[in-house]
Structure formats: C-alpha cells, structure tokens
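Colleague: This is the structure I want to talk about, given as structure tokens.
The values are calculated or read from the model by the stated rules, or taken from the named source; none is laboratory data. Bear in mind the structure is a predicted one, so any value in this text is a computation, not a measurement. Cβ placement follows ideal geometry from the backbone for every residue including glycine, while neighbour counts extend to all protein chains displayed. What goes into the accessible areas is simple: the full protein's heavy atoms, side chains included, and nothing from ligands, DNA or RNA. Shrake-Rupley method; radii C 1.70, N 1.55, O 1.52, S 1.80 Å.
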There are 2 protein chains.
Amino acid sequence: MGKNLKVGIAGLGTVGAATARILIEKSGHLLARSGCNFELTSVCARDRSKDRGIDLSEFNWHDDPVALAASPDIDIFVELIGGEDGPALDAINAALDNGKHVVTANKALVATHGEMLAKKAESKNLAIGYESAVAGGIPVINAIRDSLAGNKVSRIFGILNGTCNYILTRMEKDRLSFADALTEAQSLGYAEADPTFDVAGNDTAHKLAILTSLAFGTKINLDAVYIEGIENITPEDIASAARLGYAIKLLGVALETDSGIEQRVHPTLVLRSALIAQVSGVTNAVAIDGDEVGEVLLVGAGAGGDATASAVIGDLIGIGFGQVRPVFGRPGSSMNPHVQARLRAHEGGYFIRLNVHDHPGAFAAIAARMAEQDISLEHIVQHHEDHDADSGRQSVTIITHETMEEHVRVALSAIREDGHIDNEPQMIRIER
Amino acid sequence: MGKNLKVGIAGLGTVGAATARILIEKSGHLLARSGCNFELTSVCARDRSKDRGIDLSEFNWHDDPVALAASPDIDIFVELIGGEDGPALDAINAALDNGKHVVTANKALVATHGEMLAKKAESKNLAIGYESAVAGGIPVINAIRDSLAGNKVSRIFGILNGTCNYILTRMEKDRLSFADALTEAQSLGYAEADPTFDVAGNDTAHKLAILTSLAFGTKINLDAVYIEGIENITPEDIASAARLGYAIKLLGVALETDSGIEQRVHPTLVLRSALIAQVSGVTNAVAIDGDEVGEVLLVGAGAGGDATASAVIGDLIGIGFGQVRPVFGRPGSSMNPHVQARLRAHEGGYFIRLNVHDHPGAFAAIAARMAEQDISLEHIVQHHEDHDADSGRQSVTIITHETMEEHVRVALSAIREDGHIDNEPQMIRIER
C-alpha cells in the first residue's frame, strides 16, 4: 500500500550512507509516517567497494551522477556530492530537466545557484528540499518557510558552524590557544585538515545567505556577507569578555536596517545569561526574531551523518506528502532584490581590548578620545592580572554602548596616533 | 491572483483578535508567502462591541459558532473558543461535516477528542491544524510530524506551562515562596484568578498527551499521564538543589520503556548546565530525542495572543499549500494502542530532602536504610545554614543515582518508622 517513490542518491559519504541506511532499515516506519514507500533504487559514488556499514550491492550503481539524475529509475534525486559547481550542479540541473524532485545538503550550491534552480523547479512544479544544507538536523528551513511564515522577521542569527563553536568552547573552558584548540578539533574529526573554510567564516556565510533569503524574501546575495573568522581571537579576549559577563561566539547575523539588509559573520560577544551563549561544542543554534512570535531559538546537531540524514529524510517525507512549494518561501520569480546595508553604518555595542603603554594619563586619554566621538562607555576596565611588567604594557578592556562602527574606528586611530598603543586593537561586535 | 481561502474565526479573545489582525493587516505578506488570499469573512464572539484594537464591524457576525462553522461563507474554521466539549467540539464537528478545514488552539479538546476528529477529517481529506495548541508559537508539531519524521523518538520532554515556569523562576531568583510568586504572576496576568489548572500540572498534561501521540505514533491517552503540580515546592528545595548544581522545573516527560510509554508531569531536577535549566520566566521549551538527530531543543513563547496567533497563521498557510496529512503523523485509523508503563517501575535519580531530628547517628541510620534498598547515593549533604536550633531539626539533602521509585519509597518509610523524621519527605525526580 502507499504511493511508491523511487530515490537515487549521488554521493555516499557519511550523510549519503546514513540516508541509504534509513531508507533501507526504516522503510516500515517511513511508510507509517508518510503513507509512501520510499524505494532506494540507485546510487552513485566513486568507490564501490568501500565499507559503508550497509549492503548497497543490490542497487543500480552509476559512475556519473548526471546519468543517475536523469535515469528513469528515480523520482527523487538526492545530491550529496558537494561543490558549488561541477557534477553536483550538472546533476541537479539534469534531475530538474527530467522532472525529478531534488533534495540536497549542498549549502554552497544553494547559496550560489539557488535562485536559478528555484525558478527552474517552480516552472515544472518540482520541489527542492535543502533542510539539511543549513544547521544539519535542526528543522530551521521548514520553521521559517511554513510555521513562522506569518511573521515579518527583523533578525535571524545563529551559531552555524560546529567547528568554530567547538574551538571557541575549548578556548573558553581550558584557556587553550586557537592553534591548540584547532589541532584538538582536527584530531577529533571536528575540523578538516585544511580548516580555512570553517574557521574563516565562509561556511557560516553560505548558510547565513540562505537563511537571509528565506527570512526576508530577498534574492540570495552571498557576496554581500561581511566575513571575519575566529583566527585572531585569543584566550585573553575570551577571559576579558567573561569577566564582564559575555561569551564569544562566531555568529552569522542578518537583520533589516533602514539602509537595507545587513549580513555579517564575525566573532561576537553575547551575554552569558543568554541561552545562545550556553550552546557549546559542535552544537548549532538559530534564533529567529519574528514580529508576532518574538524570539524562537532552535538548537541541535549542525553536522554529522545521521543528524544531517534526518533532515534529508524529512525533505523526502515532505515530497511524499506532495509538498511542492516555493523553494525560498516565495516564488523565485518574485523574490525581492537584495538591498545591502552599508556595514560602516552598523550600530551596536563593541568590545575593545587594547595593550596600552603603561604611563600616567593613558587611561584618561583613551577615555577622552572615546568621548570625542560621542561613544558612551558601559565599562572601561584595567585588568591587573594582565599587566605585563616586562613589556610595560597593560590590557584595557572597553565595552561601549550602541554606537557607530566608524566612530569607533576614528577613536582607535586617534588613540594609536597619540602613541598609547602600537599594535592592532582587538574589536569585537556585541549582539544583544 | 492566488487561490482564495475564506476564513471564519470563532472566539475573539487575545488569540482570536491577533489572528484577525494578522489576516487583515498582513494580507499582502501572506499572499507573497503562501500564494493564497486568506480572506477573513466571518467571526463569532459573545460581545460584539468590545474594543479588540481592530475594526471587525464589516465581517459577518454569528452568535452561534456551530452556524459559523457550517456556513458557506468559509473554507477554513478557526476554533479559539476553548473548552474540551460544548460549543467548541460541536462547532469543529460541524465544520468537518460541512467540508471545512479546521485550525484550533484548543489543547484540552485535541487531547480528549483528537483521535475521533482525526479519523473524521482524514475520511474527508480535510486538515486539522493544532500547532498553536502546544507550546504557543514554537513550531513543535510541524517539527515532529514533518522535519523529524525519519526519527524514532525515545523521549520528548519540556517546559510546557509558562505560568509554572514563571513562578519557579521567581522562587529561584528571589527566594519567594510559592504563594508570593503566584500572587505576583496573577498581578502580571501570567496566572489565572483560579490557577489550579496550571499549577497542578493539568495544562502541561494536556500538551504532553498530544506530543506523546505525535512522537510515538500512539493513541492519545490523557488519563495515563501521572501528574504532580508545583504547589509543594519550597524556596528551600530550590536552594538545596541549586547548591548541588540543579534547577527545578515543571516538566512534562514522555518516554518509551520496556513496559510501555511513561508520561509524567512533575517538578523535576535538571542540571543547571543544561540549556533547559536556563529557560526562564514564561518561556517554553521542548526537547526531542531522536535516534538519528540526537537532541533537538525548541525554545520560544508558549503563550500570548500574538505568539499563539503566529502558529494559527502557520497552520492556515499550510492548508493554503494544500497540506492535508494525517493529523497525528499517521492515519487516525492506524494509531498504535497506548501501552502505559508502570510508573512505580520508573528508573531514575531522585532528590530527597528530609527534616531530620538532630541526634547522633541519624545521618548514619538514614544512609544505612538507603543502602538496604541498594540505593546508591551521589550526594548526601547536611546543610548547616538550614539547621534549626529551636526545633532541633536539620535539613538533609540526598541525590541518588538511578534507582527504582519503589525502593526509594520503602527506604523513606523505614527512615520514618525509625523516628528520624516525622513529616513528609520531599522527593523530586531528576531528569538527565
């Protein structure tokens, strides 16, 4: 009984293997939950002999994902190859051209080609599911697109990269350096051999660009995301922030301002009393500020084969229910233009940490330069334990009230020209 | 352009008025998001002249919700009257009998009549949306039914009543008594004049029974929920728990055990380092343990007109998308029987607080009685600050490792018979 839907999977890494396992081992559960028989018919991967923990020998093996995507053997094409162009994009295009629904975990591809693909899918009444592309198993795409769709979103922000959150958590808990925490994350499989894409913030930016489009109904604009990574955060920054009641997280933040939409990825101070500050290790979290619902926070596993496959299966079930709807919450043809806010106009509080030459009047002079720019200070603290007698420098930490970023930059230039500091000050935005 | 869907609302309290406002003021937004024109045509409320902040004079007013539900003026009937029987049930039956989709925020009605209504709706291919009935604006129903449907859920638990969470938060933060915190909650509109339904745990039980059915695919069984309220929690319990690293929350917990499904509502110790322990005030939170995804936690406003209306509107949009699916995640005709676990067989840790007669050997005798029942202790602490010289009693707090509830009860009886205590010991379950 039940509708039969044939599924092909291209890419059998941890997510692909877990998706195949669930389709095989839980067919009865999925039928009860969806009224559909999801029949895995075809797979595609480079290495046929690799042990994936399940027997896939009986399925149709393809060498070419494009051939799999176009094959009459499937109704739904699951793309788990990765890469924003190349075979993944060719295969998704082939699937849509041949009338197949698509499910993908490929955030880079969705962030880059989402609008084009949405238009193509919608013109053929096909679905593209990408719940697994953002925050792994957390059902954030469905939440924004369906459940919270009556809200006008003013801001969406979150911890979208488990690697960075793990590193920052370890730096906080045991005062590890960034380098040591990264090495540990690599040894545990939480960070790639080349970790740049994660720690520099690019992975977070891809996910944020997708969330922005969904939340604000605008075209995806990955190039408009301002990106800073966590490489320059020190255990001293984290300890200074903690003393003032803040944790440091790599956040992706998108919000509507008077001048347009601001998208930023950067290390951020959040109040330690806020729930998001308590989200530790590889866990992800997404907060949505809606005008009706207030703030909704969704927390869960942002990566891992099984958790990501959970979202892939959720998309398959949605397709099984006949759930074909605009890919980004409104038709691709009517997505609003993305008007980018001027980042220099960002208003917010700042955490500033300076290594100040230890001579009389320095403290007063710094405060005066801040006042000149109309920057009002919440805290200005000189930490005795950070005083370095050898270098004749001491650490001064400042928390500002809401101000303009350009004012802070002008004040810091003046402080530097005055000769109170000679290295680059640390400056981290605060999100409330 | 777009499909036209006519909506009737019965019940114009805060949720009904907010739903009407959103339909009127955000029609363009809803059309862009759903491709549907949701046209409010008809309303029903006792008092036509009451100021609800919006002009509803132009709509068809009905005195009888059943007449509204059956009216040819509507495609979707929104029930916001409340009450598990009576007009609400009559009107929903009339709506389904006349081929209308239903959206309701009525947890008591869904918990009591959900299965019957699901069968009726499914036989006519109609939807019943009840996202707003559990945890207000938090999209927990859709998350379990759709996004996480590939998971076998082992446990679902949460803070489902904002009144209780507000009271416990105030008792913790300022050591208020239960009575004082309740009075404050009433003065702020967070608790009813007769707060029994909330503080005794019944409201939480209704929501839990619905979540249990969705999570485990079983028939709703409200009678099988074990219920304890928060009336007997003291500031001393909360302070003792805090000293040992725990917070006290009123949780609804449902889990699968060897003997069946256990559903319980009671004050619960949770580790203060757990996110759910940080959920304060009127905020709600639901945690879902899935075999693929791990733990997902959803946090947000559990009550309030606008937040609840956000969920009502989400259900309307789902219906607009043609989303008609089994009401409880599987057809009403194939919901599994609810096999109730024996609660006495519950295994878990316990927090026990005793007022012990202060004489030599009492402490050792208590520990011995625990050991006789094979209860292994994580902590046993005598708090000096709780020593009461006048009464000759002191407070002893015990945290046990996992044990059986009946063993704890036997040990406490023996301690009482030994004459070490003469009042009822406090005993609170721990959830990890």
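Colleague: Pick from A:Ile313, A:Ile380, A:Ile319: which is hydrophobic (A, V, I, L, M, F, W, C) and within 21 Å of A:Glu405 (Cα to Cα)?
Modeller: The unique qualifying residue is A:Ile380.
Yes or no, residue by residue, for (1) open to solvent by 10 Å² or more (accessible area, probe 1.4 Å); (2) out of contact with any Phe, Trp or Tyr (no Cβ under 7 Å at 6 or more places or on another chain); (3) at pLDDT 95 or above; (4) not β-branched (Val, Ile, Thr):
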| position | (1), (2), (3), (4) |
| --- | --- |
| B:Arg243 | yes, yes, no, yes |
| B:Ile248 | no, yes, yes, no |
| B:Leu275 | yes, yes, yes, yes |
| B:Ser280 | yes, yes, yes, yes |
| B:Asn284 | no, yes, yes, yes |
| B:Asp289 | yes, yes, yes, yes |
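Colleague: Would you mind stating whether B:Gly329 is outside any helix (DSSP H, G or I), surrounded by fewer than 24 Cβ atoms within 10 Å (Cβ to Cβ), touching a residue at least 40 places away in the same chain (Cβ under 8 Å) and within 7 Å of chain A (Cβ to nearest Cβ)?
Modeller: So B:Gly329 fits the description; yes.
Colleague: Go over the candidates A:Val140, A:Val199, A:Val153 one by one and state the one that is under 12 Å from the mean Cα position of the chain (by Cα) and in contact (Cβ under 8 Å) with a residue 40 or more places away in the chain.
Modeller: None of the other options fit; the residue is A:Val140.
Every residue, every condition in (1) within 11 Å of chain A (Cβ to nearest Cβ); (2) assigned to a helix (DSSP H, G or I), yes or no:
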| site | (1), (2) |
| --- | --- |
| B:Val102 | no, no |
| B:Ala108 | no, yes |
| B:Ala111 | no, yes |
| B:Gly114 | no, yes |
| B:Leu117 | no, yes |
| B:Lys120 | no, yes |
| B:Leu126 | no, no |
| B:Ile138 | yes, no |
| B:Ile141 | yes, yes |
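Colleague: Same structure, new question: Restricting attention to the range A:143-162, report how many residues are more than 14 Å from every other protein chain (Cβ to nearest Cβ) and among the hydroxyl-bearing types (Ser, Thr, Tyr).
Modeller: Going through the range A:143-162 one residue at a time, the tally reaches 0.
Colleague: Give B:Glu39, B:Glu84 a once-over and let me know the one that is open to solvent by 30 Å² or more (accessible area, probe 1.4 Å) and within 26 Å of B:Gly322 (Cβ to Cβ).
Modeller: Testing whether each residue is open to solvent by 30 Å² or more (accessible area, probe 1.4 Å) and within 26 Å of B:Gly322 (Cβ to Cβ) leaves just B:Glu39.
Colleague: Go through the range A:306-326 and give me each residue that's out of contact with any Asp or Glu (no Cβ under 7 Å at 6 or more places or on another chain), aliphatic (A, V, I, L, M) and either facing another protein chain (nearest Cβ under 8 Å) or open to solvent by less than 10 Å² (accessible area, probe 1.4 Å) (or both).
Modeller: Residues satisfying the conditions are A:Val312, A:Ile313, A:Leu316.
Colleague: Also, I was wondering about something else. Which ranges mark the strands (runs of 3 or more DSSP E) fully within the range A:227-298 that have 3 or more residues being within 14 Å of chain B (Cβ to nearest Cβ) and in contact with a Gly (Cβ under 8 Å, 6 or more places away or on another chain)?
Modeller: The qualifying strands (runs of 3 or more DSSP E) are A:283-290.
Colleague: Do we have any residue at all in the range A:163-186 that's within 14 Å of chain B (Cβ to nearest Cβ), within 20 Å of A:Ala341 (Cβ to Cβ) and either among the basic types (Lys, Arg) or open to solvent by 10 Å² or more (accessible area, probe 1.4 Å) (or both)?
Modeller: Taking every residue of the range A:163-186 in turn, none turns out to be within 14 Å of chain B (Cβ to nearest Cβ), within 20 Å of A:Ala341 (Cβ to Cβ) and either among the basic types (Lys, Arg) or open to solvent by 10 Å² or more (accessible area, probe 1.4 Å) (or both).
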